[in-house]
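The values are calculated or read from the model by the stated rules, or taken from the named source; none is laboratory data. Everything quoted here is computed from the prediction, not taken from an experiment. Virtual Cβ from ideal backbone geometry, glycine too; neighbours counted across all protein chains shown.
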Amino acid sequence: MIGYARCSTDKQDLAAQRAALQELGVAADRIYTDHGLTGANRSRPGLDQALAAVRSGDTLVVPKLDRLARSVPDARSIADALVARGVKLKLGASIYDPADPMGKMFFNILATFAEFEGDLIRLRTREGMAIARARGKLKGKQPKLSEKQQKELRRMHGTGEYAISDLAELFSVSRPTVYRTLNRQVPAT
């Protein structure tokens, strides 16, 4: 048995999922994880490793279907690929059986709910950001350099004595940051 666990943000903990997988019979060293990656993103290193580790006759175990995929097409694609390779899929304590019409329907319903839940999360996030933006609380990413540093960087660049890479090194920022600072409008005083 090979286990897979995932959490979407760096603030979440995988301990509960790992414990659930171990209770389902997965050895601790056979659990692959992704931390801080959304299920909507199909490209996940831990998932790729878990899928590469399973062989014909093995079982891929996930605590819940939404840990594996957040869309019906992804869930179907992963499940179909596993079945084609002779690998069983275990969702919690239940083995997915694509030959059983009820099992297939239940899988599709779970996948639909996982997708719906992901859509709700995105909707709530967008609504929350719109409210914060309207209140002036969400202003986007702040510049790496203070106004005073930006002014000095522009002055130094204007002398023609400093290359972009020199300015990046002097101000401990990347070259793209120097270019953004130079391209940014100077605030009217």
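Summary table below
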| read-out | value |
| --- | --- |
| Filter result for D166 (within 26 Å of C7 (Cα to Cα), surrounded by 12 or more Cβ atoms within 10 Å (Cβ to Cβ) and of a type in the set (D, E)) | no |
| Complete set of residues in segment 117-130 that are in contact (Cβ under 8 Å) with a residue 24 or more places away in the chain and either of a type outside the set (G, A, S) or more than 21 Å from Y4 (Cα to Cα) (or both) | E117 |
| Flag for A114 being part of a helix (DSSP H, G or I), touching a residue at least 60 places away in the same chain (Cβ under 8 Å), of a type in the set (A, V, I, L, M) and under 27 Å from M1 (Cβ atoms) | yes |
| Residue within segment 92-105 that is assigned by TED's automatic domain parsing to the domain that holds A52, modelled with pLDDT of 90 or more, among the aromatic types (F, W, Y) and under 30 Å from Y4 (Cβ atoms) present | no |
| Among residues of segment 4-38, those that are in contact with a helix residue (DSSP H, G or I) (Cβ under 6 Å, 6 or more places away or on another chain) and either touching a residue at least 60 places away in the same chain (Cβ under 8 Å) or not assigned by TED's automatic domain parsing to the domain that holds R67 (or both), counted | 3 |
| Verdict on A114 being over 23 Å from the mean Cα position of the chain (by Cα) and of a type outside the set (S, T, Y) | no |
| Cross-chain or 6+ apart pairs with Cβ under 6 Å, segment 75-104 first and over 20 Å from S43 (Cα atoms), then assigned to a helix (DSSP H, G or I) | L91/L65; Y96/F107; D97/G103; P98/V83; P98/K104 |
| Answer residue from segment 6-15, given it is of a type outside the set (V, I, T) and more than 13 Å from V62 (Cβ to Cβ) and is surrounded by the most Cβ atoms within 10 Å (Cβ to Cβ) among those | S8 |
| Filtered residue count, segment 64-86, keeping only those that are assigned to a loop (DSSP other than H, G, I, E, B), touching a Lys or Arg at 6+ places or on another chain (Cβ under 9 Å) and under 24 Å from T38 (Cβ atoms) | 2 |
| Matching option when the condition is not in a loop (DSSP other than H, G, I, E, B) and not basic (K, R), among L120, L145, L138 | L120 |
| Single match in A16, A52 (criterion: under 27 Å from R122 (Cα atoms) and part of a helix (DSSP H, G or I)) | A16 |
| Filter result for A75 (buried (at least 21 other Cβ atoms within 10 Å of the Cβ) and closer than 26 Å to L120 by Cα) | yes |
| Sole residue being crowded, with 21+ Cβ neighbours inside 10 Å and modelled with pLDDT of 90 or more, chosen from L82, L51, L24, L47 | L47 |
